[in-house]
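Working notes, structure below.
The numbers here are math on the coordinates, done by the rules we state, and not lab data. What you are looking at is a predicted structure, and each value in this text was computed from that prediction instead of being measured. Neighbour counts are summed over all protein chains in view; Cβ atoms, including those assigned to glycine, are modelled from backbone coordinates with ideal geometry.
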Amino acid sequence: MKSTSACCDNIARLKQELDTADAVVIGAGSGLSTSAGFTYTGERFQKYFGDFIAKYGFRDMYSGGFYPFDSLEEHWAYWSRYIYINRYLDAPKPVYQELLKLVQGKDYFVLTTNVDHCFQKAGFDKQRLFYTQGDYGLWQCSRPCHQKTYDNETIVKKMVAEQKDRKIPSELIPCCPVCGAPMSMNLRADDTFVEDEGWHTAARRYEDFLHRHEGQHILFLELGVGGNTPVIIKYPFWRMTYQNAKATYACINLMEAYCPKEIQKQAICIGGDIENILHQLFPHRK
């Protein structure tokens with residue numbers, strides 16, 4: 001009973017912060033997309049990758065993406081499906097749309113390590129988004145010989161439609177238009193990650209947003225951020241909350257809702273599924 005009461009109190013506090021904050025900074029990790037139904041194991045994985053599972057014994061979509069396939073035809077057969085279902089299909093649950101309702105009318109900005117484009121598909125303002133780790137919808141030169149990215153929607157859908165026996169036609173293998181090297185995903189995996197003009201523009205917008213609201217009543221709303229890359233969202237949110245007495249740090253996480261003791265009085269930590277918590281925040285909002 002005590003735990004349930006504390007959770008209700010925290011939800012009430014968070015609703016008050018959402019109503020009164022001068023600005024909201026959303027920090028989103030993979031847990032948010034998981035809550036929206038973008039799971040990388042189980043039934044969804046079986047549905048789209050049954051043939052790869054049967055041959056290679058893959059246990060989840062993510063680890064399969066690192067497998068050293070014998071050919072680029074097979075590599076891109078796997079990755080085209082991966083991109084298609086995680087970037088060009090809508091999430092099974094409208095969690096991102098519900099989140100947008102919470103911040104509509106507020107001065108908000110989104111910092112996310114997610115690469116599935118769910119914020120934009122849900123209607124969030126593109127000018128208020130910073131995808132720090134890349135985008136499933138972009139390719140880059142694998143070397144890379146230049147700092148530019150390329151939209152892949154048309155060719156990915158063609159790869160999915162035309163592949164047979166876990167291979168795409170050889171003529172669909174993407175190559176760099178400048179040097180001819182194989183293309184690769186624009187995902188931050190190592191020091192070859194391309195930070196193109198759009199990436200730097202979004203980074204500047206985020207810095208400008210923080211500068212404009214410095215010292216104001218800011219709600220740092222962290223959603224589904226784990227421990228893989230805490231230096232991008234979690235640690236900066238803690239630091240900026242500590243440095244601003246008017247700021248509030250809120251964390252919603254299924255398993256890891258916590259904060260350091262230095263900001264406990266300014267923090268709201270709620271353990272639970274994000275979809276469920278959003279419904280509790282504004283149960284009557286449609």
Round to the nearest 10 and give me the degree value, 0 to 90, for the angle of helix 153-162's Cα axis relative to the longest principal axis of the chain. 50 degrees
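Expressed in nm², what is the orientationally averaged projection area of the convex hull enclosing the Cα positions of the stretch 36-127? The partial results should precede the final answer.
Numbers: hull surface 27.4 nm².
Mean projected area for the stretch 36-127: 6.8 nm², to one decimal.
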Suppose the chain between residue 151 and residue 7 were pulled fully straight at 0.36 nm per residue; how much longer would it get relative to their current alpha carbon spacing? 47.5 nm
Helix 197-212: inclination vs the chain longest Cα principal axis, degrees, rounded to 10, gives 0 degrees
Over the stretch 133-250 - Rg/Rh using Cα atoms and the Kirkwood inverse-distance radius: 1.12
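From the alpha carbon gyration tensor of the stretch 181-236, can you work out the equivalent ellipsoid semi-axes (sqrt of 5 times each eigenvalue) and give them in Å, largest to smallest?
On the way: eigenvalues 151, 59, 12 Å².
Listed largest to smallest, the semi-axes of the stretch 181-236 are 27, 17, 8 Å.
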I need the per residue convex hull volume for the stretch 25-86, using only the alpha carbons, in cubic angstrom as a whole number. 98 Å³
Charge tally in the Cβ shell below 13 Å around residue 143, where Lys, Arg are +1 and Asp, Glu are -1, residue 143 excluded: -1
Counting only helical runs of four or more DSSP H residues, what would the 222 nm mean residue ellipticity of the chain come to if each run contributes -39,500 (n - 2.57) and the total is spread over all its residues? -11500 deg cm²/dmol
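Largest first and in whole Å, what are the equivalent-ellipsoid semi-axes of the chain based on the Cα gyration tensor, each being the root of 5 times an eigenvalue?
Working: eigenvalues 270, 96, 49 Å².
Square roots of five times the eigenvalues give 37, 22, 16 Å.
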For the chain, longest principal axis from Cα atoms; helix 42-56 axis from its Cα atoms; angle between them, nearest 10 degrees, is 30 degrees
Tell me, which longest segment in the chain has none of the GluC sites (Glu not before Pro) that fall in DSSP loops with at most 16 further Cβ atoms within 10 Å? 1-194
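Can you sort 270, 83, 53 from fewest to most other Cβ atoms within 10 Å of each residue's own Cβ?
Values: 270 20, 83 26, 53 16.
Arranged by neighbour count, lowest to highest, 270, 83, 53 become 53, 270, 83.
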Taking the Cβ-Cβ separation of residue 106 and residue 164 as r and a Förster radius of 51 Å, what is the calculated FRET efficiency to the nearest 0.05? 0.55
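I'd like the FRET efficiency for residue 66 and residue 204, computed as 1/(1 + (r/R0)^6) with the beta carbon distance as r and R0 of 22 Å, rounded to 0.05. Intermediate results must be reported in sequence, preceding the final value.
Numbers: r = 32 Å, r/R0 = 1.47.
Using R0 = 22 Å, I get an efficiency of 0.10.
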What translational D, rounded to a whole number of µm²/s, comes out for the stretch 107-181 from Stokes-Einstein when the hydrodynamic radius is the Kirkwood one over Cα pairs, at 37 °C and 0.692 mPa s? 226 µm²/s
Between residue 191 and residue 16, the two model label points (7 Å from Cα along the beta-carbon direction) sit apart by a distance in nm of 5.0 nm
Report relative contact order for the stretch 219-271 in percent, whole number only (criteria: Cα-Cα under 8 Å, sequence separation at least 6). 38 percent
Under 5 Å, built H, 5+ apart or other chain: amide partners of residue 108: 24
If you stretched the chain out fully between residue 261 and residue 127, how much longer would it get, using 0.36 nm times the residue separation minus the C-alpha to C-alpha distance? 44.8 nm
